[in-house]
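Take a look at the structure below.
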Amino acid sequence: GNPWLALAVMFIGVIFYIITDITFKRLIARWVTAFGFAITFMFMLSQLRFSSTAIGIALMVLALVYLIGGYAIEQRAGQRSAAWPLYAAGYAIAAFVTIQTLVVVGEDPGDLALTLIVDVILLAVSAWVHRQYNWIYGATWVFIAPVFIYASLYLRGHVNQGLVLGVLMLNYVAA
């Protein structure tokens, strides 16, 4: 019924997470709260009648926030295991949005391209957070798909699309 009820539940979830993290530092509460908050956030957005594109973008932003928040917790606690609930929830959210967008790709391929661009950003931030810079190599290859989608949507003719992808491949070779 009331969208403000969902917003209040989300706010209570954030407060619960902060209080649990500060007072108890229990890992199980972090797992429950990280996933519970994401589910509540998704339900709130759908209850507010956001479009599927807006929900996808908001969830991907939440995945990035989880990743950066997990990094902050890891730095504060001094151990990586303290941040794994947020990392896992962030990656699960990103995987969910990407799979959901792949399922409905026929409706709007631009949504898939946008989701893949955010996946590239998520991989680049993950490389920085985890100090695994070979993830950037994977991110650059994932970036081919949105470039191809946008080229096929906005450029007419196979020659123009081939030129755009050819220039992109030359950049990869140079990198």
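Determine whether region 11-22 contains at least one residue that is open to solvent by less than 80 Å² (accessible area, probe 1.4 Å), over 23 Å from His130 (Cα atoms) and either polar (S, T, N, Q) or at pLDDT 80 or above (or both). Yes, region 11-22 has at least one match. The set of residues in region 134-163 that are more than 24 Å from Leu122 (Cβ to Cβ), assigned to a helix (DSSP H, G or I) and in contact with a helix residue (DSSP H, G or I) (Cβ under 6 Å, 6 or more places away or on another chain) contains only Gln161.
The values are calculated or read from the model by the stated rules, or taken from the named source; none is laboratory data. Keep in mind that this is a model prediction, so the values were computed, not measured. Every residue, glycine as well, gets a Cβ built from its backbone with ideal geometry; the counts of neighbours run over all protein chains shown. Note: areas computed on protein heavy atoms with side chains; ligands, DNA, RNA excluded. Shrake-Rupley method; radii C 1.70, N 1.55, O 1.52, S 1.80 Å.
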